[in-house]
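The values are calculated or read from the model by the stated rules, or taken from the named source; none is laboratory data. Model, not experiment: these values are computed from the prediction. All Cβ positions, even for glycine, are placed from backbone atoms using ideal geometry, and neighbour counts span all protein chains on display.
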Amino acid sequence: MLKGQKKVYGVEIVPQAINNAIENAKANDTNNVEFIVGESEKVIPDMIKRGIRAEVVVVDPPRKGCEKELLYAISEMNPERIVYVSCDSSTLARDLGILDELGYKTKEIQPVDMFPQTAHVECVARLQRK
Ligand SMILES: C[S@@+](CC[C@H](N)C(=O)[O-])C[C@H]1O[C@@H](n2cnc3c(N)ncnc32)[C@H](O)[C@@H]1O
């Protein structure tokens with residue numbers, strides 16, 4: 001069980017990654033997680049239609065960042081906090097700007113040097129509903 005959370009949803013476009021996540025959940029005796037295969041910009045609006053809301057949303061997109069439709073859907077879910085994990089600071093800056101317009105203030109960005117001796121840097125941003 002992921003402690004402190006009533007329910008956790010995981011969304012990923014690659015089915016094999018979801019299979020691995022299911023195996024990981026089983027190996028860790030986690031029974032409060034539901035995994036959904038699909039494009040998050042389509043899955044999240046469907047979840048909203050089903051009445052699902054979130055207190056915290058964590059995104060970890062590829063370098064191109066999040067689709068605008070996903071950012072709009074996340075704001076419609078109205079979470080208190082968003083955690084944005086990014087491997088491309090330019091698309092991170094673009095998406096944080098959109099999220100700011102949608103009512104989410106960036107409180108903190110922590111760079112993590114996961115790729116020493118290269119120009120790449122991973123960043124973790126913490127956003128709070130205004
Ligand atoms: C930076 S990786 C994050 C990996 C993940 N945090 C992990 O530890 O396995 C980005 C992930 O987003 C997935 N992805 C790309 N486009 C997506 C989309 N439209 N909807 C959902 N997942 C997507 C990719 O398949 C990839 O696994």
inquiry  = I want to confirm something. Restricting to region 72-85 and keeping residues that are within 10 Å of the chain's Cα centre (by Cα) and within 14 Å of the ligand (Cβ to nearest atom), which single residue is farthest from Val124 (Cα to Cα)?
reply    = Ile74
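Going by what's in this entry, would Ala21 be described as free of Cβ contacts under 8 Å to residues at least 12 places away in the same chain, surrounded by 11 or more Cβ atoms within 10 Å (Cβ to Cβ) and in contact with a Phe, Trp or Tyr (Cβ under 8 Å, 6 or more places away or on another chain)? Spell out the reasoning first.
Details: free of Cβ contacts under 8 Å to residues at least 12 places away in the same chain: no; surrounded by 11 or more Cβ atoms within 10 Å (Cβ to Cβ): yes; in contact with a Phe, Trp or Tyr (Cβ under 8 Å, 6 or more places away or on another chain): yes.
Judged against the criteria, Ala21 is not a match.
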query = Given region 3-92, what strands (runs of 3 or more DSSP E) lie entirely inside it while holding 3 or more residues that are outside the structural domain of Asp113 (by TED's automatic domain parsing), hydroxyl-bearing (Ser, Thr, Tyr) and at pLDDT 95 or above?
reply = none
note = When every residue in region 37-61 that is within 12 Å of the ligand (Cβ to nearest atom) and among the β-branched types (Val, Ile, Thr) is compared, the one nearest to Leu92 (Cα to Cα) is Val59
request  = Taking Glu101 as meeting all but one of (1) under 17 Å from Ile13 (Cα atoms); (2) among the acidic types (Asp, Glu); (3) free of Cβ contacts under 8 Å to residues at least 24 places away in the same chain, write down the number of the exception.
outcome  = (1)
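Here is a list: Tyr104, Tyr72. Which entry is of a type in the set (Ser, Thr, Tyr) and touching a strand residue (DSSP E or B) at 6+ places or on another chain (Cβ under 7 Å)? Please lay out each step first, then the result.
Working: Tyr72 fails: touching a strand residue (DSSP E or B) at 6+ places or on another chain (Cβ under 7 Å).
Going through Tyr104, Tyr72 in turn, just one is of a type in the set (Ser, Thr, Tyr) and touching a strand residue (DSSP E or B) at 6+ places or on another chain (Cβ under 7 Å): Tyr104.
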key: When residues of region 86-118 are limited to those that are surrounded by 12 or more Cβ atoms within 10 Å (Cβ to Cβ) and acidic (Asp, Glu), the one nearest to the chain's Cα centre (by Cα)   = Asp95
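In region 44-71, how many residues are in contact (Cβ under 8 Å) with a residue 40 or more places away in the chain and more than 14 Å from the chain's Cα centre (by Cα)? Show your work before the answer.
Of the residues in region 44-71, the ones in contact (Cβ under 8 Å) with a residue 40 or more places away in the chain are 52, 54.
Next, from what is left, pick out any that are more than 14 Å from the chain's Cα centre (by Cα): 52.
Residues meeting the conditions: 1.
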inquiry  = I need a count of the residues in region 3-19 that are within 13 Å of the ligand (Cβ to nearest atom) and within 18 Å of the chain's Cα centre (by Cα).
reply    = 9
note = Among the residues of region 119-130, the number that are more than 24 Å from Pro45 (Cβ to Cβ), among the aliphatic types (A, V, I, L, M) and either surrounded by 13 or more Cβ atoms within 10 Å (Cβ to Cβ) or under 14 Å from the mean Cα position of the chain (by Cα) (or both) is 2
